[in-house]
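Quick notes on the structure that follows.
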Amino acid sequence: MQAILLVAFGGAAGSLARYWMTLVAAQLVGETFPWGTLAINVIGSFVIGGFAALTGGDGIFAGNMSLRLLVMVGICGGFTTFSSFSLQTFMLLREGAYGWAIAYVMGSVLLCLLGTAAGMAAFTRG
């Protein structure tokens, strides 16, 4: 039961953070390109990479499944937005914005991989 509550609480917190960040990004840079979703996915990739390092192997919270469930499954699961990414990419393609669609897919994949690697590097001991 504790695991379910950790995931549920984390998911709610992550979803609220995603909603807030999407609104802020739209106000700051407009809605022509999904900058908010891209930033969310990069930040989420950094966080999941960091917590994988912190809770795995020789991390300072090694084996802490509660922290892993709360952050990696709950918060990151609610915060990151792959389904939104897919829909936004499809809409860009449908509108004929092929260059933006390609840039969005490539930018998302490359930046999120870099975010994960940076998170792992930032929180790996040694």
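Only a single criterion out of (1) over 12 Å from the mean Cα position of the chain (by Cα); (2) of a type outside the set (V, I, T); (3) modelled with pLDDT under 95; (4) within 24 Å of A117 (Cα to Cα) is not satisfied by E31, namely (4).
If I filter region 30-38 for residues that are in a helix (DSSP H, G or I), among the β-branched types (V, I, T) and over 22 Å from L110 (Cα atoms), do I get at least one hit? Checked region 30-38: no residue is in a helix (DSSP H, G or I), among the β-branched types (V, I, T) and over 22 Å from L110 (Cα atoms).
Looking only at residues of region 60-90 that are within 27 Å of P34 (Cβ to Cβ) and β-branched (V, I, T), we find that the one that is modelled with the lowest pLDDT is T81.
Only one of the numbered conditions (1) at pLDDT 95 or above; (2) crowded, with 17+ Cβ neighbours inside 10 Å; (3) over 11 Å from the mean Cα position of the chain (by Cα) is not met by G14, and that is (3).
Being surrounded by fewer than 21 Cβ atoms within 10 Å (Cβ to Cβ) and under 22 Å from A103 (Cα atoms): is that true of F33 here? Yes; evaluated as a whole, the condition is true for this residue.
The values are calculated or read from the model by the stated rules, or taken from the named source; none is laboratory data. Predicted model only: the values in this text are computed from it and were never measured. Note: ideal-geometry Cβ built from the backbone for every residue, glycine included; neighbour counts use all protein chains shown.
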